[in-house]
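Derivation of every value follows stated rules applied to the coordinates shown; laboratory data play no part. What you see is a predicted model, and the numbers here were worked out from it, not measured in a lab. Glycine gets a Cβ as well: all are built from the backbone with ideal geometry, and neighbour counts include every protein chain shown.
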Amino acid sequence: MKKALVLTNGLYTTSDAKTAHGLVRGSERFLIAGIIDNASTANKDAGEILDGVHRNIPLFADLATAIVAVPDADTLIIGVATVGGKLPTEMLVIIKEAISCRLSIVNGLHDYLNDHADLVELAQKNNITLTDIRKPKKREDLHFFTGDIFNIKTPIVAVIGMDCAMGKRTTARLLREACALENIKAEMIYTGQTGWLQGNQYGFVFDSTLNDFVSGELEHAILSCNKEVSPDIIFLEGQSALRNPSGPCGLELLISGNAKNVVLLFAPKRIYFDNEEHWGKIPSVESEIAIIEHFGSKVIALAMNTEGCSNEEAYSIQASMESKLNIPVLLPLQSGVSKLIPALKKLIS
């Protein structure tokens with residue numbers, strides 16, 4: 001794996017750094033050697049700040065300090081997901097410095113590095129690469145929906161959320177890892193840039209795909225995965241939320257992805273979509289389950305994003321929701337997802 005530094009530039013403790021957070025939790029594509037943030041987090045462990053788990057990934061105040069500490073790093077990953085996907089001006093300055101230090105750059109934003117002529121010229125001069133993960137595929141490389149998805153017998157489970165930044169990808173990854181411990185061969189279809197950065201083999205970047213080909217690209221990823229590695233179960237990483245007005249998404253996974261089972265993420269302390277009051281209140285969990293069932297899929301578990309909850313509150317809400325809905329409620333970060341294994345075994349039996 002390439003040894004990489006991740007740039008967050010002061011955003012590490014915010015939800016904007018969810019790409020960095022995913023990489024801190026694990027990647028099979030890159031060896032994450034450090035996070036470049038700012039002076040307030042410098043010299044701390046990125047894992048401990050993220051979720052209390054020491055991962056031996058240091059936070060650095062700036063690029064120069066990081067390069068001295070990790071002289072064999074060869075890649076800088078842009079570790080933030082900004083509104084609108086634009087590269088912050090101050091990050092462009094650091095990116096130029098990194099290129100001059102012969103670090104290749106990997107970027108998951110909609111603002112493509114290869115559209116910046118000065119960066120391209122500097123990269124060529126220093127013999128490094130600029131990789132834009134979200135750059136759309138060429139028309140000839142896209143797939144249109146065929147309907148072959150309906151011939152698959154492998155259980156497909158969509159991991160979707162009631163809002164953005166809920167932990168959909170992390171939960172899907174934890175489910176895959178929990179299955180591996182039980183000798184269940186599970187695969188995860190990624191649908192965002194971080195899923196690719198973490199090393200998942202099958203998937204596509206949903207929000208940079210032409211709308212006419214979203215269903216086909218989703219189907220193609222699932223069909224390819226099923227044919228090439230014959231998994232026992234396939235997890236689909238959700239994007240945004242069914243009713244988030246800034247980017248309603250998820251029904252594609254149920255309909256075009258033929259996911260008949262769902263793990264639904266909710267955050268009991270979050271009131272408004274994206275915490276924006278004028279976007280409207282997040283509806284009830286029960287109403288979301290009803291919508292999913294109307295489309296022919298079944299919610300087999302809830303997973304809780306516990307932001308704003310004490311541990312006592314989280315476990316109390318978990319018990320209450322399990323009693324009310326009679327399905328497992330997972331606390332992925334506090335106690336993992338192994339509680340769902342018995343239900344998953346039933347799906348593949």
- Message: Compute a Gaussian network model of the chain, connecting alpha carbons closer than 10 Å, and tell me which residue from MET304, MET166, MET321 fluctuates the most.
- Response: MET321
- Item | Footprinting exposure proxy for TYR315, TYR12, TYR272 (fewest neighbouring C-beta atoms within 10 Å first) | TYR272, TYR315, TYR12
- Would you order GLU187, GLU307, GLU121, GLU312 from fewest to most other beta-carbon atoms within 10 Å of each residue's own beta-carbon? GLU312, GLU121, GLU307, GLU187
- Message: Quick check: the angle from helix 168-181's long axis to the longest principal axis of the chain, C-alpha only, nearest 10 degrees?
- Response: 70 degrees
- Angle between the Cα long axis of helix 285-294 and the longest principal axis of the chain, 0 to 90 degrees, nearest 10? 70 degrees
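How charged is the neighbourhood of SER246? Take every other residue with its Cβ under 15 Å from the Cβ of SER246, and add Lys/Arg as +1 and Asp/Glu as -1. Don't skip to the answer; put the middle values down first.
Values: positive: ARG243, ARG270, LYS281; negative: ASP16, ASP163, ASP207, ASP274, GLU276, GLU277.
Overall, the nearby charge balance is -3.
What ranking of LYS269, LYS18, LYS260 emerges when the number of other C-beta atoms within 10 Å of each C-beta is taken as an exposure proxy, fewest first? Numbers along the way, then the final one.
On the way: LYS269 13, LYS18 20, LYS260 16.
Placing the least packed residue first, the sequence is LYS269, LYS260, LYS18.
What is the antiparallel percent of DSSP beta bridges lying wholly in the chain, to the nearest 5?
Values: 3 of 45 bridges.
Antiparallel: roughly 5 percent of the beta bridges in the chain.
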- Helix 211-229 axis, angle to the chain major axis (alpha carbon atoms, nearest 10°): 80 degrees
- Task: Would you mind classifying the range 217-349 by shape? Square roots of the alpha carbon gyration tensor eigenvalues, ordered a ≥ b ≥ c; an a/c under 1.5 is rounded, otherwise it is prolate if a/b is larger than b/c and oblate if not.
- Result: oblate
- Query: SER224: net charge of surrounding residues, Cβ under 12 Å, Lys/Arg +1, Asp/Glu -1, itself excluded?
  - Reply: -4
